[in-house]
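**Q** Here it is, the structure in full.
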Amino acid sequence: MAKNTLSSRFRGVDIDEYDENKFVDEQDEAAEQQGPDACEVDHLIRQGDTMTAFHIALRNPPINSKNPAVKERAQAVVLRVLTAFKSSDIEPAVKSLDRNGVDLLMKYIYRGFEKPSDNSSAILLQWHEKAFAVGGLGSIVRVLTARKSV
Amino acid sequence: MSYHSFLLEPISCHAWNKDRTQIAMCPNNHEVHIYKKEGSNWNKIHVLKEHNGQVTGIDWAPESNRIVTCGTDRNAYVWTLKGDAWKPTLVILRINRAARCVKWSPKENKFAVGSGSRLISVCYFEQDNDWWVCKHIKKPIRSTILCLDWHPNNVLLAAGSCDFKCRIFSAYIKEVEEKPAPTAWGSKMPFGEVMFESTGTAGWVHGVCFSDSGNRVAWASHDILPFKSDPAQTFLTSETLPLLCVTFITENSLVAAGHDCYPVLFVYDSNKAALSFGGKLDVPKQSAQKGMTARERFQNLDKKATTDSKEAVLESLHKNSISQISILNGGKARCAKFCTTGMDGGMAIWDVKTLESAMKDLKIV
């Protein structure tokens with residue numbers, strides 16, 4: 001074969017960009033979704049009130065935001081809360097959530113799996129087991145198919 | 001319930017003839033096999049070989065006894081029975097990607113083909129040229145059309161697509177029919193008009209179905225099962241694996257099936273405008289529960305980290321995902337029997353009456 005068929009670096013133009021039928025996602029920016037309040041959550045964890053910290057951490061998820069920093073911050077806050085829980089308290093916390101809450105929790109759990117650190121995977125797996133018992137396979141499918149991720 | 005295992009390969013699609021004695025199906029290759037029920041056996045009587053690619057959709061028109069098939073070779077054929085053999089007629093769909101699904105309209109004077117080229121081809125027979133002609137519905141479809149269903153008025157067409165939306169289009173062809181009367185979905189229906197577009201789902205729409213009156217539509221998306229009955233729209237988030245096909249069995253009840261290998265019943269309460277889970281429609285064989293020996297328990301703990309005695313064998317009738325449901329008797333208003341085929345190469349016929357009596361708290365409204 002001729003030598004110029006081996007390398008594709010001559011392709012300087014991305015033709016998919018110019019396709020008039022290119023699928024462009026409709027994203028609506030939501031400016032008020034700044035993620036949970038980190039200071040408040042920290043304060044509650046230090047006080048020992050992990051349940052309230054948990055509910056606050058799951059409020060205001062930065063779903064529609066395109067800013068990765070906001071999402072990182074939210075993920076860090078939620079991970080802190082999840083690690084602050086004792087193993088026996090996980091189940092009542094999950095049971096106190098409604099359907100959308102369980103789906104949101106699953107999204108954060110899977111986001112946490114993406115970047116494992118020290119002990120986080122073990123704790124996330126415990127949370128995953130309890131959330132799965134409530135949400136079922138459907139909640140995992142919704143995490144995978146969600147177009148607006150956390 | 002009766003289950004017949006046709007082959008080892010998945011059944012891509014199937015269609016029944018009018019009196020339900022013959023079934024046409026594609027065994028995951030380029031052919032269509034027609035089986036006839038003789039006594040308690042199914043005998044292959046015809047093999048239709050014309051497609052060059054996998055056959056992805058089959059529909060059998062009950063009154064005019066014509067079969068339409070569509071495949072990944074971008075073609076559709078209309079087969080008519082001449083004597084003892086089926087003769088194909090090519091239909092030029094003018095698509096440049098595979099065809100995905102095909103459905104005859106209720107009056108059987110036209111059919112619609114959904115394809116990967118982001119459009120629906122509505123085909124009708126032109127008497128002057130003795131030829132099937134097609135018209136395209138393109139806007140605003142952004143991705144492959146996976147499933148289609150016709151409204152009983154022969155004009156409206158519901159289409160589920162990979163761009164996460166279910167839409168209802170008007171497929172009014174002025175050459176073959178008169179102007180339709182106003183319906184619950186709107187009164188002006190020029191060809192290609194979008195009468196309804198869904199919002200809120202985030203997964204591919206695998207199956208769509210109109211109810212018998214045509215006032216309700218339900219579709220099975222990867223994440224949830226939405227349902228629209230004018231004017232309310234409701235959905236049910238599933239706890240199971242995604243559903244692939246859905247059909248109405250009465251005006252208020254739906255049966256859906258999917259990757260979980262068993263059909264599920266859903267009931268719609270119009271007073272509360274809510275969809276609820278009715279029950280799992282499978283009667284698993286009661287395997288003898290033998291006690292676990294200590295050795296087995298230890299082995300399970302070693303191999304699977306659990307002391308459960310559940311085996312890894314599916315207890316449902318189908319052993320693999322169910323990909324298509326079709327109504328056999330009673331129509332969508334009062335279905336008495338329906339049939340499911342799946343990736344395990346088997347076909348199961350479910351009797352609604354026996355299911356109702358077998359599951360005591362199952363209510364089919």
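**Q** Considering region B:235-271 alone, what residues qualify as being of a type in the set (Val, Ile, Thr) and either more than 14 Å from chain A (Cβ to nearest Cβ) or open to solvent by less than 20 Å² (accessible area, probe 1.4 Å) (or both)?
**A** Matches in region B:235-271: B:246, B:247, B:249, B:250, B:255, B:264, B:267.
**Q** Go through region B:213-234 and report how many residues are more than 14 Å from every other protein chain (Cβ to nearest Cβ) and surrounded by 18 or more Cβ atoms within 10 Å (Cβ to Cβ).
**A** 8
**Q** Something else now. Tell me which of these residue B:171 doesn't satisfy, since it passes every other one: (1) under 25 Å from residue B:258 (Cβ atoms); (2) touching a Leu at 6+ places or on another chain (Cβ under 8 Å).
**A** Evaluating residue B:171 over (1) under 25 Å from residue B:258 (Cβ atoms); (2) touching a Leu at 6+ places or on another chain (Cβ under 8 Å) leaves (1) as the failure.
**Q** Here is a list of conditions, (1) under 15 Å from residue B:106 (Cβ atoms); (2) hydroxyl-bearing (Ser, Thr, Tyr); (3) within 14 Å of chain A (Cβ to nearest Cβ), and residue B:117 meets all of them except one; can you say which number that is?
**A** Against the list (1) under 15 Å from residue B:106 (Cβ atoms); (2) hydroxyl-bearing (Ser, Thr, Tyr); (3) within 14 Å of chain A (Cβ to nearest Cβ), residue B:117 comes up short only on (1).
**Q** Turning to a different aspect of this structure: How many residues are crowded, with 23+ Cβ neighbours inside 10 Å and either at pLDDT below 80 or over 13 Å from the mean Cα position of the chain (by Cα) (or both) when one looks only at region B:316-349?
**A** Going through region B:316-349 one residue at a time, the tally reaches 5.
**Q** Another question, then. Would region B:179-193 turn up any residue that is touching a residue at least 40 places away in the same chain (Cβ under 8 Å), of a type in the set (A, V, I, L, M, F, W, C) and closer than 23 Å to residue B:13 by Cβ?
**A** Checked against the condition, which is being touching a residue at least 40 places away in the same chain (Cβ under 8 Å), of a type in the set (A, V, I, L, M, F, W, C) and closer than 23 Å to residue B:13 by Cβ, region B:179-193 yields no hits at all.
**Q** Let me ask you something else. Identify all residues within region B:262-283 that are hydroxyl-bearing (Ser, Thr, Tyr), closer than 23 Å to residue A:145 by Cβ and in a loop (DSSP other than H, G, I, E, B); write none if there are none.
**A** Passing the criteria: only B:262.
**Q** Considering every residue within region B:180-189, establish whether at least one is within 12 Å of another protein chain (Cβ to nearest Cβ), assigned to a strand (DSSP E or B) and more than 19 Å from residue B:270 (Cβ to Cβ).
**A** no
**Q** Same structure, new question: Residue check: is residue B:199 within 13 Å of another protein chain (Cβ to nearest Cβ), surrounded by fewer than 21 Cβ atoms within 10 Å (Cβ to Cβ), within 22 Å of residue A:138 (Cβ to Cβ) and of a type in the set (Val, Ile, Thr)?
**A** So residue B:199 passes the test.
**Q** Name the residue, out of B:100, B:142, that is away from chain A (no Cβ under 14 Å) and open to solvent by 30 Å² or more (accessible area, probe 1.4 Å).
**A** Testing whether each residue is away from chain A (no Cβ under 14 Å) and open to solvent by 30 Å² or more (accessible area, probe 1.4 Å) leaves just B:100.
**Q** If you don't mind, another one. Suppose we keep only residues that are acidic (Asp, Glu) and not in a loop (DSSP other than H, G, I, E, B) within region B:1-46. Which one would you say is least open to solvent (accessible area, probe 1.4 Å)?
**A** If we take residues in region B:1-46 being acidic (Asp, Glu) and not in a loop (DSSP other than H, G, I, E, B), then B:31 is least open to solvent (accessible area, probe 1.4 Å).
**Q** Could you check, for region B:149-165, whether at least one of its residues is within 14 Å of another protein chain (Cβ to nearest Cβ), within 19 Å of the chain's Cα centre (by Cα), within 15 Å of residue B:112 (Cα to Cα) and at pLDDT 90 or above?
**A** There is at least one residue in region B:149-165 that is within 14 Å of another protein chain (Cβ to nearest Cβ), within 19 Å of the chain's Cα centre (by Cα), within 15 Å of residue B:112 (Cα to Cα) and at pLDDT 90 or above.
**Q** In addition: For region B:153-178, which positions are more than 21 Å from residue B:206 (Cα to Cα) and open to solvent by 10 Å² or more (accessible area, probe 1.4 Å)?
**A** Correct list: B:153, B:172, B:174, B:175, B:176, B:177, B:178.
**Q** If you check every pair at least six apart or on different chains, which have Cβ atoms under 6 Å apart with a residue in region B:322-338 that is at positive phi first and a residue that is at pLDDT below 90 second?
**A** The qualifying pairs are B:330/B:336.
The values are calculated or read from the model by the stated rules, or taken from the named source; none is laboratory data. Worth saying up front: this structure is predicted, and the values here are computed from it rather than measured. When we count neighbours, we look across all protein chains shown, and the Cβ atoms used for this are built from the backbone with ideal geometry, even at glycine. Ligands, DNA and RNA are excluded from the accessible area calculation, which covers all protein heavy atoms including side chains. Shrake-Rupley method; radii C 1.70, N 1.55, O 1.52, S 1.80 Å.
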